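Have a look at the structure below before the remarks.
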Ligand SMILES: C[S@@+](CC[C@H](N)C(=O)[O-])C[C@H]1O[C@@H](n2cnc3c(N)ncnc32)[C@H](O)[C@@H]1O
């Protein structure tokens, strides 16, 4: 399939294969805190407007939170995850354009989207800065990227638990990155803002592409 051939290097195709394999049981494997993350997802989608790109839609857990007044395009590396998202979308009246695509090599023109969203995606992208740079390219000047990412816990018990879940996660999904604000700046974003979410396992990250809002 032409779409898949664009999904590049060896590490990226390993990530794709792992998500293809895990797609049927993905939601059962989702950490408990992420499963109960409804209010986080709600917060993310309140920040969106206009033409929105969802990167790494997965099984479509964000679909129930899409506001009615946005135009949504979603991508994912894994065909099997995307199939699950399509099934979920069919149960709604939402019109979502979905494509198999690698975030580090997207087919969209420059400055095409008004907002980009990625929830728990960049931790499994082998070269997150390359992916973030590509998101920056397809956003119009002044537009925002809104993300949920894993945050560093503070309590000792949570740190141990996180080490364990990261280890199990890396066996299932492959290498696991911690996304830091510097990486967003390196990718060309500015005004990076991070907000810790409760329970303290995740953070909301908002960054903008430099330039004037049109
Ligand atoms: C942990 S899941 C998160 C799914 C969904 N965003 C959520 O919040 O439940 C990560 C998703 O990102 C996708 N993904 C990983 N690397 C990607 C890449 N390079 N380009 C596009 N999608 C990617 C995976 O296939 C998977 O569906």
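Only the coordinates and a few stated rules stand behind these numbers; no lab work does. Note that this is a predicted model, so its numbers are computed, not measured. We place every Cβ from the backbone using ideal geometry, glycine too, and count neighbours over all the protein chains shown.
Between residue 97 and residue 27, the contour length at 0.36 nm per residue exceeds the alpha carbon distance by 23.0 nm. If I model a spin label as a point 7 Å beyond the Cα along the Cα-Cβ vector, how far apart are those points for residue 68 and residue 190 in nm? Distance between the two pseudo-spin positions: 3.7 nm.
As a rough guide to protection, the peptides 138-146, 66-74 ranked by mean Cβ packing within 10 Å, highest first, stand as 138-146, 66-74.
The modelled label-to-label distance for the pair residue 112/residue 49, using points 7 Å beyond Cα in the direction of Cβ, is 2.3 nm.
Between residue 20 and residue 198, residue separation times 0.36 nm minus the direct Cα-Cα distance comes to 61.1 nm.
With the highest mean first, a sort of the peptides 184-191, 50-57 on other beta-carbon atoms found within 10 angstrom per residue produces 50-57, 184-191. Here the calculated FRET efficiency for residue 181 and residue 13, from their Cβ-Cβ distance with R0 = 22 Å, stands at 0.15, rounded to the nearest 0.05. Here 198, 133 are placed in order of increasing Cβ neighbour count within 10 Å, fewest first, which gives 198, 133. By the count of neighbouring beta-carbon atoms within 10 Å, fewest first, 127, 76, 107 end up ordered 107, 127, 76.
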